[in-house]
Amino acid sequence: DKAGFKHFMAKEIAEQPTVLADALGAYLEGDTIRLPGQGVDFSRIERLTLVACGTAFYACLTAKYWFEQLARLPVEVDIASEFRYREPPVLPGTTAVFVSQSGETADTLAALRFCKGRADRILSVVNVETSSIARESDLALPIHAGVEIGVASTKAFTCQLNVLLLLAIEAAVARGHMSVQDRATLLTQIRGLPGLFNAALDRDASIEAAAQKISEARDVLFLGRGTMYPLALEGALKLKEISYIHAEAYASGELKHGPIALIDKTVPVIVMAPHDALFDKTVSNMQEVMARGGKVCLITDATGAAEAGEGVWQVITLPEVDSRLAPLLYALPAQLLAYHAAVAKGTDVDQPRNLAKSVTVE
Ligand code: F6R
């Protein structure tokens, strides 16, 4: 049931404020985080290995920044198909975490089985609680996204980020890098996310206008720094899978190491840059693009737009958000740009060609 929406993807994007509020309800108890089962004792963990495919892999890449910055916990992230055949050494003190919406992705399941008897403990972050990956892990952490039908993952991504962020906060407190007071303050901010999602959804018209222009391009580049780098990767994946426009993402600092050669007026460059500690660095990369005639679509907040929006081709202005929570909010424009570009091109949004919702063969 599409509940009045044209596509399941549109419905699932729009559902995110509600779904996220439900997911938070399942994990938050007053000023504390309640994990299922025995929970996770982060004071005993020396390192994390996060493994997944596709969009779930980008959720893991984002989480690496959180675990390292908030909890000072070393994190290795890998694509399941690479991890399983590389058979890397799994050192004592390692907890392995497998992230999968379906819980049935063949490569992710194989990587999990490789870690059995090697990692101290196996966690999974799943949407389907009865899935193989959930059953075969020591502890399954449900993301509570509800059934996701659109082949392009949307609400599952934000709900994966949510659980991974809560884990990173738990790790930060357990390892003595965050006080319980600071956790309480951060959880208050997190409880405000569904409201910010609604405010961002209200700006859909500006995203649709930008997407219509972008839909005319053959190639699109996405740029971001810090946690906005994995969000750029996610934006590029969404765009290519449903609109069939060739899209690539780069860490902003990599621009001058090659991709800048592609810049001309036919290649829109989508710059994801909330006004955070890395903003000025990203803006200087953006100006290098503009100096070469590149058309920039800047996704930022009101402060960022006021500081750097001058002369930019398209500006999408999101609500201000704590920089630690920005990845969740900035997922929305990444999804909506792809969605509207695909609608403009007339592709089959919910069933893109050659793709399956659950990849149970390698
Ligand atoms: C992209 C997408 C895929 C999945 C990937 C992993 O929109 O949906 O990249 O994220 O196939 O699937 P799960 O999470 O079920 O393991």
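The values are calculated or read from the model by the stated rules, or taken from the named source; none is laboratory data. It should be emphasised that the depicted structure is a prediction, and the values quoted were computed from it without experimental measurement. No Cβ is skipped: glycine too gets one built from the backbone with ideal geometry, and neighbour counts run over all protein chains shown. Protein only, heavy atoms only, side chains kept; ligands, DNA and RNA dropped before computing areas. Shrake-Rupley method; radii C 1.70, N 1.55, O 1.52, S 1.80 Å.
Using only the Cα atoms of the chain, each taken as one equal point scatterer with no solvent, compute I(q) by the Debye sum, divide by I(0), and report log10 of the ratio at q = 0.12 Å⁻¹.
Debye intensities relative to I(0), on a log10 scale: -0.86.
Ignoring ligands, DNA and RNA, how do Ser243, Ser284 rank by accessible area with a 1.4 Å probe, largest first? Each step should come with its number before you reach the end.
Values: Ser243 0, Ser284 50 Å².
Reading off the accessible areas and sorting them downward yields Ser284, Ser243.
Obtain the nm distance between the two label points defined at Glu76 and Glu307 by a simple spin-label model: each point lies 7 Å from its Cα along the Cα-to-C-beta direction.
The modelled label-to-label distance comes out at 3.7 nm.
So what does Phe8 come to for accessible area, using a 1.4 Å probe and Å² rounded to 10?
Looks like 40 Å² after rounding.
Under a point spin-label approximation (7 Å from Cα along Cα-to-Cβ), what is the Glu254-Glu288 distance to one decimal in nm?
With each label placed 7 Å out from Cα toward Cβ, I get 1.3 nm.
So in the chain, what percent of DSSP beta bridges are antiparallel if you round to the nearest 5?
Numbers: 2 of 41 bridges.
Expressed as a percentage, antiparallel bridges in the chain total about 5.
So how much accessible area does Thr18 have, in Å² to the nearest 10, using a 1.4 Å probe?
Taking all protein chains as shown, Thr18 has close to 90 Å².
Please report the carbon-and-sulfur percent of the accessible area for region 178-262; probe 1.4 Å, protein heavy atoms only, DNA, RNA and ligands left out. Before the final figure, lay out the partial values.
Numbers: 1780 of 3530 Å².
Answer for region 178-262 is 51 percent, counting heavy atoms of protein chains only.
State which entries of Lys2/Lys240; Lys295/Lys357; Lys2/Lys295; Lys240/Lys295 exceed 28 angstrom in Cα-Cα distance in the structure shown.
Working: Lys2/Lys240 23 Å; Lys295/Lys357 33 Å; Lys2/Lys295 35 Å; Lys240/Lys295 19 Å.
Violating the 28 Å limit, Cα to Cα: Lys295/Lys357; Lys2/Lys295.
Run the Debye formula on the Cα coordinates of region 113-268, all scatterers equal and no solvent, and tell me log10 I(q)/I(0) at q = 0.17, 0.18, 0.19 1/Å.
-1.23, -1.27, -1.30
For region 297-362, what % of the accessible area comes from carbon and sulfur atoms, probe 1.4 Å?
Working: 1280 of 2670 Å².
Heavy-atom surface of region 297-362 belonging to carbon and sulfur, 1.4 Å probe: 48 percent.
For region 48-116, what does the equivalent ellipsoid look like in terms of its semi-axes, each the square root of 5 times an eigenvalue of the Cα gyration tensor, given largest first in whole Å?
Numbers: eigenvalues 70, 44, 16 Å².
Its equivalent ellipsoid spans semi-axes of 19, 15, 9 Å.
Peptides 183-195, 327-339: what's the order by average Cβ count within 10 Å, highest mean first? Provide the component values of the computation, followed by the final result.
Working: 183-195: 16.2, 327-339: 27.0.
Averaged packing, sorted descending, gives the order 327-339, 183-195.
Leaving out ligands, DNA and RNA, and with a 1.4 Å probe, what % of the accessible surface on region 11-51 is carbon or sulfur?
On the way: 760 of 1800 Å².
C and S atoms contribute 42 percent here.
What accessible area per residue, rounded to a whole number of Å², is obtained for the chain using a probe radius of 1.4 Å? Could the numbers behind the result be given before it?
Numbers: 14350 Å² over 362 residues.
Averaged over the residues of the chain, the accessible area is 40 Å².
From the Cα gyration tensor of region 1-105, with a ≥ b ≥ c the square roots of its eigenvalues, which class applies: rounded if a/c is under 1.5, or else prolate if a/b is larger than b/c, or else oblate? Display every interim value, and only then the final one.
Values: a/c = 2.51, a/b = 1.40, b/c = 1.80.
Taking the square roots of the gyration eigenvalues as a ≥ b ≥ c, region 1-105 is oblate.
Starting from the Cα-Cα distance between Lys265 and Gln189, subtract it from 0.36 nm times their residue separation and give me the gain in nm to one decimal. List each step's numbers first, then the result.
Values: separation 76, 0.36 × 76 = 27.36 nm, distance 3.96 nm.
Length difference between fully extended and current span is 23.4 nm.
Could you state the number of Å between the C-alpha centres of region 16-91 and region 208-271?
The two parts, judged by their Cα centres, are 26 Å apart.
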